[in-house]
Each structure stands twice: as structure tokens, then as C-alpha cells.
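Quick notes on the structure that follows.
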Amino acid sequence: MKFLVINGPNLNMLGTREPEKYGTTTLSDIEKEISNHAKEKGVEVDFYQSNIEGEIVTAIQKAKGVYDGIVINPAAYTHTSVALRDAILAVELPAVEIHLSNIHTREEFRHHSYTAPVCVGQITGFGKFGYIMALDAIINHCCNL
Ligand code: DQA
């Protein structure tokens, strides 16, 4: 099985970006941890990060036929993007949404996610460990399809 892990805007700045909210680990270190976990689980993972909404839409579209599922932290686009929601629906791939912080305990505008209703589920508030949980969740989901 093969999965695509997508990170949205400003997540390339992890490590120095609001560390009290998002931790001090860089995105590339998080990706290494996900890769190690994927190896242990016997699955393949690829990574994609963009700050540009349309590029993420294209990455989701290209995932069709290549990947078995998607793990996505849409970052700020979670709360704004009908386009990302439609892309997930269009490719008919299972997706798990992940957030480092707990979006439900933060500002009101972060409580709503356009993408979560078209995902298998949402993992939010467990820091970088959330990505490991999200990978396990998508593997488990795909194994039980
Ligand atoms: C985030 C939460 C979003 O509200 C925010 O815009 C982000 C990061 C998280 O991982 O906690 O950029 O997705």
C-alpha cells in the first residue's frame, strides 16, 4: 500500500513557527518519523507540501490511481477551501485529516473544517504524533475496505 502525506501552507515553517502551538520539530524531521513508521508497517509513503491552494488541488488529483489513500494537514485551507474538499471528493480516495493543534479549542474560525466531512476522520491536537496516528488510521481503513 502506498500513501501520500500532504501538508498545506506555512507547515514548511514548522520548527520555528509558533513553537508553543506547533512544536519545535521541523517538517522534514516529522516526515522522517513518518517514513520510519511506514517502514515498520510495511507501507510506502510520499510527501508533498505547498503554500498554494491550486497546487495542492493538483497534487490530490494526481494521487488518483497512484496512492491508496491520503493523509492531509490542509492547514489554514481547512477553514476556507471548498476546492480542496471537492478535490478529495473527486479522486474518491480515502483521506485522513490531521492537525498538530486542537483546532476545536482555538479561535472560533478554526472550529469549522471544509475538508473533514469528506475525510474518513480527523485527528487534531496530538502534535506531530498525530501524523503517526493518521498513517495508522488510513492503513487500518484501507485494510478493512
Ligand atoms: C493547523 C491548524 C490550522 O488552523 C492552522 O491554520 C495551521 C496548522 C494545525 O496543524 O494545527 O496552519 O492545521
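The values are calculated or read from the model by the stated rules, or taken from the named source; none is laboratory data. Bear in mind that the values here come from a model prediction, so they are computed numbers and not experimental data. Using ideal geometry, Cβ is built from the backbone for each residue, glycine included, and neighbour counts are taken over all protein chains shown. Side chains included, ligands, DNA and RNA excluded: accessible areas come from the protein's heavy atoms. Shrake-Rupley method; radii C 1.70, N 1.55, O 1.52, S 1.80 Å.
Worth pointing out:
- Within straight-line cross-link reach of K39, lysines at Cα separation under 21 Å, skipping those fewer than 8 residues along the same chain: K2, K128
- Taking Cβ atoms as reference points and 14 Å as the exclusive limit, the residues near N12 contribute a net charge of -3, counting Lys and Arg as +1 and Asp and Glu as -1.
- Mean separation of Cα contacts under 8 Å, 6 or more apart, over the residue count of the chain: relative contact order %: 26
- Only the Cβ atoms of Lys and Arg (+1) and of Asp and Glu (-1) were treated as charged; on that basis the dipole of segment 2-143 about its Cα centre amounts to roughly 60 debye.
- Amide H contacts under 5 Å for G15, placed H, 5+ residues apart: T25
- Computed from the C-beta positions of N140 and R106 and an R0 of 22 Å, the FRET efficiency is 0.20 to the nearest 0.05.
- Counting charges near P94 (Lys, Arg +1; Asp, Glu -1) among other residues having Cβ under 15 Å from its Cβ returns a value of -1.
- Computed from the C-beta positions of K21 and N51, the FRET efficiency with R₀ = 22 Å rounds to 0.75.
- In the context of the full protein assembly, R110 retains an accessible surface of approximately 50 Å², using a probe radius of 1.4 Å and ignoring ligands and nucleic acids.
- Report summary: the helix-based calculation at 222 nm, which adds -39500 (n - 2.57) for every DSSP H run with n ≥ 4 and divides by the residues of the chain, gives -11500 deg cm²/dmol.
- Segments 64-74, 112-122 sorted - mean Cβ within 10 Å per residue, highest first: 64-74, 112-122
- Segment 84-145 shape via C-alpha gyration tensor axes, a/c threshold 1.5: oblate
- q = 0.18 Å⁻¹: log10 I(q)/I(0) that the Debye formula gives for the chain, counting C-alpha atoms only: -1.01
- Surface share of carbon and sulfur [accessible, 1.4 angstrom probe, percent] for the chain: 52
- GluC sites (Glu not before Pro) restricted to segment 1-105 and DSSP loop, no more than 15 other C-beta within 10 Å: E92
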